[in-house]
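**Q** The structure is given below, and queries will be raised subsequently.
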């Protein structure tokens, strides 16, 4: 009887072990060995794997490939459920959610992406908290005070659109092309928002996707990879991606597969596909953290850092320089 109970207990433990292995993340080493466990930290050069009885540190140059388990992710994945740090002072949230499939990631973040319209045109934006604060590009609302934001909410048969016209400009930074807005007439409406990621944790070749309203085509999703994370233009550094970025995407989020914002899309070459650019998310965090320095003044719509060019020379002829006397002569 005792032997039979031990046998049943052993079988039960084996079943649990098999379930654990079946739901684990997978790491394949260069030599062909396969490790399973829970990837708890991913850095540029290291992977930390929890194998149950210990946490091992694996250099990425020793890894052939690794894959996150997506079967253990919630079917109704909600990015707000993964938020682990929200600060009223910082306004934005961060997340520890694992990477998943692009389908689930889009499902999780889609309601947080909005359409931003002014009399001059339209762009995109995204909510960073439940109080109605959102980020977009400065050039989307440049020199405009009449702003309308369209919010998309899921319904049983698609999405319901709600337009808000009481939108306040909270802060702007023309130099890095960012604007912080706030919807003031939300009432008791619940807002879905997305967490901000960390540019230091993304890698070249990592899969990303953009959600926005290119050419007025609402809720368009384009995907690609990080082409480079440090492309320099005019004194700033941008994230380059081959995800298509078109007019109307401006101000929208660039996501990784964990549903974290890694950039704000603001440039793309219309006639050359696969050349899109985004403002790195760390610039966005700095802008929000120091928003007092960029506070918008309705009486001075060009507030924010802006460097004025010096006045041009009025006399176009070549200047005549006085010859310095030769000190060797008396």
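**Q** Please enumerate the residues belonging to region 162-216 that are under 19 Å from the mean Cα position of the chain (by Cα) and part of a helix (DSSP H, G or I).
**A** Correct list: 199, 200, 201, 214.
**Q** Restricting the search to region 1-45, which residues are surrounded by 12 or more Cβ atoms within 10 Å (Cβ to Cβ), outside any helix (DSSP H, G or I) and at pLDDT below 85?
**A** Result: 23, 24, 25, 38, 39, 40, 41, 42, 43.
**Q** Would you be able to tell me the number of residues in region 95-113 that are farther than 27 Å from residue 47 by Cα and over 14 Å from the mean Cα position of the chain (by Cα)?
**A** Residues that pass the stated criteria total 2.
**Q** Please specify each residue of region 78-134 satisfying the condition of being assigned to a strand (DSSP E or B), modelled with pLDDT of 80 or more and surrounded by fewer than 19 Cβ atoms within 10 Å (Cβ to Cβ).
**A** If the condition is that a residue be assigned to a strand (DSSP E or B), modelled with pLDDT of 80 or more and surrounded by fewer than 19 Cβ atoms within 10 Å (Cβ to Cβ), then 94, 118, 121 are the ones that fit.
**Q** Only one of 252, 263, 248 is under 18 Å from residue 206 (Cβ atoms) and either in contact (Cβ under 8 Å) with a residue 12 or more places away in the chain or in contact with a strand residue (DSSP E or B) (Cβ under 6 Å, 6 or more places away or on another chain) (or both). Can you tell me which?
**A** 263
**Q** Report, by residue number, each residue of region 50-72 that is surrounded by 13 or more Cβ atoms within 10 Å (Cβ to Cβ), at pLDDT below 85 and outside any loop (DSSP other than H, G, I, E, B).
**A** Residues satisfying the conditions are 50, 55, 66.
**Q** Exactly one of (1) surrounded by fewer than 21 Cβ atoms within 10 Å (Cβ to Cβ); (2) assigned by TED's automatic domain parsing to the domain that holds residue 227 is unmet by residue 208. Its number?
**A** With respect to (1) surrounded by fewer than 21 Cβ atoms within 10 Å (Cβ to Cβ); (2) assigned by TED's automatic domain parsing to the domain that holds residue 227, residue 208 is out only on (1).
**Q** Between a residue in region 278-292 that is touching a residue at least 60 places away in the same chain (Cβ under 8 Å) and assigned by TED's automatic domain parsing to the domain that holds residue 256 and any residue that is part of a helix (DSSP H, G or I) and surrounded by fewer than 16 Cβ atoms within 10 Å (Cβ to Cβ), which pairs come within a Cβ distance under 7 Å, given they are 6 or more apart or on different chains?
**A** none
The values are calculated or read from the model by the stated rules, or taken from the named source; none is laboratory data. Treat the numbers as computed from the prediction; the structure is a model and nothing was measured. Neighbour counts run over all protein chains shown; Cβ positions are idealised from the backbone, glycine included.
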